[in-house]
Amino acid sequence: KRTSAICRDLTRYSRRASPHEDVLVPVNGKLDEALKIARYASSYHNIEMIKLYQPGATVKGNPDELLHVLVNLITNAVHAMEHAGGTLTLETTVLDGQVGVRISDTGCGIGPDKISEIFEPFFTTKAPGKGTGLGLYNVKTIVDNMHGRITVDSQIDKGTTFTLTFPNAEPDGQGCLS
């Protein structure tokens, strides 16, 4: 049953909808789905999970592409903590017509000399053979296409926080709740 569920989730994740298929996407539900998928590819030993979800975090976009963004950021966060453990915090906010998504880890961090390059294609801080350098490039491209913004704050040995900001598809905060 577990193998079947893994295959079903990975198939759903790998299936790409049309890039122009914009629908209302409940962000909290996509974060939970991304967590499930990222668990298959990563080790969560000694990692504490904190979820701080605000209701009404709904964006307009391609749900498969948003899922791709979230899986990538969560997987990177877990990889940054895989040796020493730590805390992974997922947070959504709805404020002033904007939906915010924060994915924070208490991992190894990214040095100030590398932070300006992380969204460049083929740039990676991972060992040879461990990463293509396309993950964060794709993340930024998708976020930009959704009329969003991505920022990063990181300190060596303290951790990294990626913040995504999108227009709220439900300006009154009502509607799709997860």
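When only residues in region 24-60 that are among the aliphatic types (A, V, I, L, M) and exposed (fewer than 15 other Cβ atoms within 10 Å of the Cβ) count, which is modelled with the lowest pLDDT?
41
Taking region 113-122 as the search range and keeping residues that are in contact with a helix residue (DSSP H, G or I) (Cβ under 6 Å, 6 or more places away or on another chain) and over 16 Å from residue 80 (Cα atoms), which one is modelled with the lowest pLDDT?
121
Restricting attention to region 86-108, which residues are assigned to a loop (DSSP other than H, G, I, E, B) and either crowded, with 20+ Cβ neighbours inside 10 Å or in contact with a Leu (Cβ under 7 Å, 6 or more places away or on another chain) (or both)?
106, 107, 108, listed by residue number.
Could you grab me the full set of residues in region 55-85 that are part of a strand (DSSP E or B) and either out of contact with any Asp or Glu (no Cβ under 7 Å at 6 or more places or on another chain) or more than 25 Å from residue 137 (Cβ to Cβ) (or both)?
58, 59
Select from region 142-178 the residues that are among the hydroxyl-bearing types (Ser, Thr, Tyr) and at pLDDT 95 or above and write down the one among them that is surrounded by the most Cβ atoms within 10 Å (Cβ to Cβ). It would help to see each step written out before you state the result.
Filtering region 142-178 for residues among the hydroxyl-bearing types (Ser, Thr, Tyr) gives 151, 154, 160-161, 163, 165, 178.
Pick out the ones that are also at pLDDT 95 or above and you get 151, 154, 160-161, 163, 165.
Numbers: 151: 10, 154: 21, 160: 24, 161: 17, 163: 16, 165: 19.
The extreme case among them is 160.
Going through 74, 50 one at a time, which residue ends up being of a type outside the set (Ser, Thr, Tyr) and within 11 Å of residue 31 (Cβ to Cβ)? Lay out the reasoning, then the answer.
Values: 50 fails: within 11 Å of residue 31 (Cβ to Cβ).
74 is the lone residue from the list that is of a type outside the set (Ser, Thr, Tyr) and within 11 Å of residue 31 (Cβ to Cβ).
For region 74-85, give me each residue that is open to solvent by 20 Å² or more (accessible area, probe 1.4 Å), hydrophobic (A, V, I, L, M, F, W, C) and under 17 Å from the mean Cα position of the chain (by Cα).
Passing the criteria: only 80.
The values are calculated or read from the model by the stated rules, or taken from the named source; none is laboratory data. All values derive from a computational prediction rather than experimental measurement. A quick note on method: Cβ atoms are made from the backbone with ideal geometry, for glycine too, and the neighbour counts reach across all protein chains shown. To get the accessible areas, we keep the full protein, side chains included, count just its heavy atoms, and leave off ligands, DNA and RNA. Shrake-Rupley method; radii C 1.70, N 1.55, O 1.52, S 1.80 Å.
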